[in-house]
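Notes to accompany the following structure.
Derivation of every value follows stated rules applied to the coordinates shown; laboratory data play no part. Here the structure is a predicted model, which is why all the values come from computation and not from measurement. Note that we place each Cβ from the backbone using ideal geometry, even for glycine, and neighbour counts take in every protein chain shown.
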């Protein structure tokens with residue numbers, strides 16, 4: 001398959017008929033018809049700044065340099081056939097909406113930004129002990145209100161304005177096990193998704209099914225949820241990818257190209273894809289690399305946004321996977337997830 005690169009991203013004034021026929025997706029330049037997304041990479045990080053690193057004496061954030069580096073990586077993604085990158089870092093991990101707007105205009109790549117937080121250890125003290133007597137963690141309804149407003153009123157640009165609607169609610173649970181605050185985040189994300197029609201992405205902590213059940217307990221339909229990290233070795237060993245898909249949620253195999261002790265290899269990822277397709281779940285597979293375009297406060301990540309297209313799709317083809325299935329995974333499945341319902 002040779003997807004056609006998108007040649008431009010623009011703020012579109014959509015009439016009611018376009019919305020009805022195509023559905024829309026929230027991008028940083030405004031709503032676009034879902035059928036114009038092209039190939040989508042659903043779990044990536046454009047700019048990832050460890051909270052607090054922006055204030056460190058030994059870290060420099062040169063916006064011109066950041067722009068140039070990200071523009072180069074997004075252009076490479078487009079040249080490999082990519083159409084849309086989802087920045088799934090949430091609210092407080094370096095998200096820069098103005099920067100993303102400029103990048104989308106200059107590269108022709110649609111960018112979907114996200115709201116959300118997590119895990120607990122990455123939250124600032126305000127969200128753990130707000131000014132109540134006695135101090136208590138935020139309940140789910142407060143997180144839901146925060147996330148919902150970033151979709152309905154626009155994402156916060158500190159400190160004085162809102163700008164652009166988030167297209168995804170994302171949250172991450174604590175790896176050692178989901179905490180009470182993590183559960184509030186998961187429930188808040190689900191409630192925001194229900195209220196706005198925007199999908200929810202979760203990166204599970206210790207148990208993918210446990211965390212998925214928390215979200216589904218809020219009556220969010222399973223086809224509005226993507227579960228990330230299912231190419232982690234512990235998830236693969238438990239067969240979580242098949243169980244998540246069996247419950248109707250999307251399976252994000254989202255560390256393509258990553259080689260470490262926590263994740264399986266790309267050849268093993270291709271086996272996961274084959275297992276899901278054989279089980280009738282080809283319509284529930286999502287692919288990405290969780291690549292970081294520019295990192296501050298943590299090591300840089302050399303994975304390109306186009307790695308799924310340039311490196312992993314050939315592996316899938318070598319297994320004999322049908323071209324129509326490959327297109328469904330790259331284009332149709334993420335479009336179905338991201339469309340506002």
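Overview of results
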read-out: Computed P(r) (all Cα pairs; segment 76-130; 10 Å bins; percent); value: 21, 41, 23, 12, 2
read-out: Förster-model FRET efficiency, 30 Å R0, residue 219 and residue 332, C-beta, rounded to 0.05; value: 0.70
read-out: Listed residues 299, 134, 51, most fluctuating in the chain (Gaussian network, C-alpha, under 10 Å); value: 134
read-out: Structure-derived Rg/Rh (Cα atoms, Kirkwood Rh): which label, when the choices are (1) 1.09; (2) 0.94; (3) 1.00; value: (2)
read-out: Gain on full stretching of the segment that runs from residue 209 to residue 153 - 0.36 nm per residue minus C-alpha separation; value: 16.9 nm
read-out: With eigenvalues of the C-alpha gyration tensor scaled by 5 and rooted, segment 135-191, Å; value: 23, 12, 10
read-out: Among 109, 32, 277, residue whose mean-square fluctuation peaks in a GNM of the chain (springs only between Cα atoms under 10 Å); value: 277
read-out: Unit Cα scatterers, Debye sum, segment 61-186: log10 I(q)/I(0) for q = 0.15 Å⁻¹; value: -0.77
read-out: 222 nm mean residue ellipticity, helices alone, for the chain (DSSP H n ≥ 4; -39,500 (n - 2.57); rounded to 500); value: -10000 deg cm²/dmol
read-out: Nearest-0.05 FRET efficiency for residue 63 and residue 259, computed from C-beta distance (R0 41 Å); value: 0.85
read-out: FRET efficiency, residue 105 to residue 237 (Cβ-Cβ, R0 56 Å, nearest 0.05); value: 0.80
read-out: Distance between segment 281-341 and segment 47-83 - C-alpha centres, whole angstrom; value: 20
read-out: Label-to-label distance, nm, for residues given as residue 176 and residue 322 (7 Å Cα→Cβ offset); value: 4.7
read-out: Compactness of segment 277-341 as Cα Rg over 2.2 N^0.38 Å, two decimals; value: 1.33
read-out: Choice from 182, 207, 65 with maximal GNM fluctuation in the chain (Cα, 10 Å cutoff); value: 65
